[in-house]
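Since the structure comes first, as structure tokens, the remarks are kept for the end.
Any read-out appearing in this document is the output of simple, stated calculations on the displayed coordinates, not a laboratory observation. It should be emphasised that the depicted structure is a prediction, and the values quoted were computed from it without experimental measurement. Using ideal geometry, Cβ is built from the backbone for each residue, glycine included, and neighbour counts are taken over all protein chains shown.
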């Protein structure tokens, strides 16, 4: 699904919606984050009312990404965010070992999430997200599921400034059983991500700057073939060892309110990933519009993916209920 991120659950790290992607996904401490569950669950208490968010991305190589989410306040200091994120690849050309066409294949992955956030003190909020991941890749391999947990905290030292701390995908791992297709049992753990975020509003709130640092910790397996030694060892043996990969990257975003109904946005994701080869610049806008008694917000983002020549185009609609 994502060429630049090969670890388990990569689809859930692309971004949530057009607003977030246009801002480089640097929304861990944003007072305007729509899909709080996928950025920082502590932000869920900020929901000013009930609204439904729908997003879809137009991507190259027959890839798909859609999101549906619902947000609502719970009393004066709490809120919840729930939804489903889906990613897939269609029209995969299946071939047998001789290279002859067999069938058209497709893959599907889902992340169902439920976040709760509460403002415990005047300037401190905390929250948690429960995620349920599903991966359905090929017919010969059983669908796998996993539970994951996100924890988040925000602190507002003064008006217009917010800091955030988030830990993502605790406990999440796929347990694969591929013996039926010549493989073996394997555990594919999701990277655990520690994110430190900040935002600053200027010019009376018309300008907002966002920045984020992420440290990512992944457990990987390494397999080494030990040649046979007849007659003591009649067949080759496979030795398995694990090792840890530590990565770090940055994100930045900027939002400027041109008009009361129009925001323009820009950002960059994956700063420092493979130098500048893996970064993802982006830009977009948000438009607020009323249609009769229906209040809408439409967001658009254009994202330059690393190693892909075509733009990712993302459209999101927020419907206030």
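What to note about this one:
- Estimated distance in nm for a label pair at residue 102 and residue 159, the labels positioned 7 Å out from Cα along Cα-to-Cβ: 6.5
- Prolate/oblate/rounded call for the stretch 48-117, Cα gyration tensor, a/c under 1.5 rounded: prolate
- Cα centroids of the stretch 277-306 and the stretch 94-154: 23 Å apart.
- Look at 129, 77 and count the other Cβ atoms within 10 Å of each Cβ; fewest to most, that gives 77, 129.
- Its convex hull of Cα atoms gives the stretch 69-222 a direction-averaged projected area, equal to a quarter of the hull surface, of 12.9 nm².
- Summed over qualifying helices (DSSP H, 4 residues or more, each -39500 (n - 2.57)) and divided by its residue number, the chain shows a 222 nm mean residue ellipticity of -500 deg cm²/dmol.
- Here the average projected area of the convex hull drawn through the C-alpha atoms of the stretch 1-96 stands at 7.2 nm².
- Between the labelled values (i) 22.2; (ii) 20.5; (iii) 21.0, the entry that holds Kirkwood radius over Cα pairs in Å as derived from this structure is (iii).
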